[in-house]
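**Student:** Could you have a look at this structure, given as structure tokens, before my questions?
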Amino acid sequence: MAESDARPGSGWIRSGPWVVAAILGAAAALATIPYAPRWWLEVVLPWLRPHVTLWFVATGAVILGGLLAWAWKAGPVRRRSALGALAALMLVYVLILLVMYRGEPPAKKWHIVQYGLLAGVTFNAVRVDFRRWRGLVLGAAFLVLIGTADEVSQKFVPMRTFRWLDLFGNYLGSLLGLCGWLAASPWSPWRKR
């Protein structure tokens, strides 16, 4: 563990490289808004058909596998609870896909995956401590800002529309990402003694 991670800090930022990764991820999400429909329809969707939902479940399973390995590597503190929490998280994800997004266009399911991953990167960047809420609030504010800007800006882009379900999907994906990070990360306050 790096020295900056071993000693308690009062700063909001835990890792500069992860901050850069979070900002680049958010910038990529916002910058691709005008191009995403064409890419989705011409490149991604034909490749995913005919089993689009299964591809999303498989993507979630791959992410879950990574989180399980990370949780295992994080050490024995609450390991069993962490593995159980991650399994429950995958069940919630699958239920969301099958219940909330049933009958929705396949691209709508991407909101949960995209913002879950962005949340994982974001909470790796900030210092999360349940006694000092600054890092957690900073990370959550960043995700709400980007998720809101992502959806609201679509009102002004041809071939894109604002939908409350998509905005909710951005927030829900961020929450699932935070839960996954809390269960798997060695820097999670829940995984520390």
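The values are calculated or read from the model by the stated rules, or taken from the named source; none is laboratory data. None of these values were measured; they are calculated from a predicted model. Heads up, the Cβs are rebuilt from the backbone with ideal geometry, glycines too, and the neighbour counts pull from every protein chain shown.
**Student:** Are any residues in the stretch 117-136 over 15 Å from ALA28 (Cα atoms) and out of contact with any strand residue (DSSP E or B) (no Cβ under 9 Å at 6 or more places or on another chain), and if so, which ones?
**Tutor:** GLY120, PHE123, ASN124, VAL128, ASP129, PHE130, ARG131, ARG132, TRP133
**Student:** Here is a further query. Return the residues of the stretch 1-32 that are at pLDDT below 95 and not small (Gly, Ala, Ser); say none if nothing qualifies.
**Tutor:** Across the stretch 1-32, the qualifying residues are MET1, GLU3, ASP5, ARG7, PRO8, TRP12, ILE13, ARG14, LEU30, THR32.
**Student:** Identify all residues within the stretch 45-98 that are modelled with pLDDT under 90 and either in a helix (DSSP H, G or I) or of a type in the set (S, T, N, Q) (or both); write none if there are none.
**Tutor:** Correct list: LEU45, PRO46, TRP47, LEU48, VAL52, THR53, LEU54, TRP55, PHE56, VAL57, LEU97, LEU98.
**Student:** Continuing with the same structure: How many of the residues in the stretch 149-193 are out of contact with any helix residue (DSSP H, G or I) (no Cβ under 6 Å at 6 or more places or on another chain), at pLDDT 95 or above and of a type in the set (S, T, N, Q)?
**Tutor:** So the count comes out to 1.
**Student:** Now for a separate question. When you scan the stretch 137-144, do you find a residue that is in a loop (DSSP other than H, G, I, E, B), at pLDDT 95 or above and crowded, with 19+ Cβ neighbours inside 10 Å, even just one?
**Tutor:** Within the stretch 137-144, not a single residue is in a loop (DSSP other than H, G, I, E, B), at pLDDT 95 or above and crowded, with 19+ Cβ neighbours inside 10 Å.
**Student:** Then there's this: In the stretch 118-170, what residues are touching a residue at least 60 places away in the same chain (Cβ under 8 Å) and of a type in the set (Lys, Arg)?
**Tutor:** ARG127, ARG132, ARG134, ARG160
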